[in-house]
1. Which entries of 58/107; 38/58; 17/107; 58/111; 8/111; 21/81 have Cα-Cα distances beyond 31 Å here?
2. With a Cα-only, solvent-free Debye model of segment 41-106, what are the log10 I(q)/I(0) values at q = 0.17, 0.21 Å⁻¹?
3. Highest first, please rank the peptides 9-19, 118-128, 44-54 by the mean number of other Cβ atoms sitting within 10 Å of their residues.
4. Roughly to the nearest percent, how much of the accessible area of segment 16-98 is carbon and sulfur, given a 1.4 Å probe?
5. Residues with beta-carbon under 13 Å from that of residue 83, excluding residue 83: net charge, scoring Lys, Arg +1 and Asp, Glu -1?
6. Could you tell me what % of all Cα pairs in segment 3-128 have separations over 23 Å?
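The values are calculated or read from the model by the stated rules, or taken from the named source; none is laboratory data. Keep in mind that this is a model prediction, so the values were computed, not measured. Cβ placement follows ideal geometry from the backbone for every residue including glycine, while neighbour counts extend to all protein chains displayed. These accessible areas exclude ligands, DNA and RNA; they are computed on the full protein's heavy atoms, side chains included. Shrake-Rupley method; radii C 1.70, N 1.55, O 1.52, S 1.80 Å.
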Amino acid sequence: MAKPKAPKRALDSYTVKPINKTIRAGDCVLMRPSEPSKPSYVARIERIEADSRGTNVKVQVRWYYRPEESIGGRRQFHGSKEVFLSDHYDVQSADTIEGKCTVHSFKSYTKLDAVGNDDFFCRFEYNSATGAFNPDRVAVYCKCEMPYNPDDLMVQCEGCSDW
């Protein structure tokens, strides 16, 4: 007969020992990838749980995808720090958290004075099963009709005065 699972209890916060940072539901974190050559995964903490003894801490996360991980891949207008909030949820050991990060809205990201290694931005939600984006359109600029990539310098067009 299988041993019954120990009851789980929800935690309001948890201090990740190796990085000495406290995480809470709603925080964005960097998660260790399965292959060391890959960049850290970006996720939002949805829930933190531990067994009845307060050990074996697990986090329910909602994954952010990088453009190259999506159907269609990276496009010219995707920024180097762009991620998409997906509908993909998972449970991971809290031990795989490498650090905290910040996922900004597109508007607040473009107003940052300096972008750090732990700064990302999100302007789309992504359906991992269908490859659909929400919103499915984004504002385009000038004659090139490309969405704004915050990594590229934008200059004002002399013809239409658009940036």
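1. Working: 58/107 33 Å; 38/58 22 Å; 17/107 33 Å; 58/111 35 Å; 8/111 42 Å; 21/81 22 Å.
The pairs that break the limit, which is 31 Å between Cα atoms, are 58/107; 17/107; 58/111; 8/111.
2. -0.67, -0.90
3. Details: 9-19: 12.8, 118-128: 18.4, 44-54: 15.1.
Sorting 9-19, 118-128, 44-54 by mean packing, highest first, produces 118-128, 44-54, 9-19.
4. On the way: 1960 of 4330 Å².
The computed percentage sits at 45.
5. Working: positive: 44, 62, 66, 74, 81, 123; negative: 68, 69, 82, 118, 119, 125.
Residues close to residue 83 contribute a combined charge of 0.
6. Details: 2758 of 7875 pairs.
Everything past 23 Å amounts to 35 percent.
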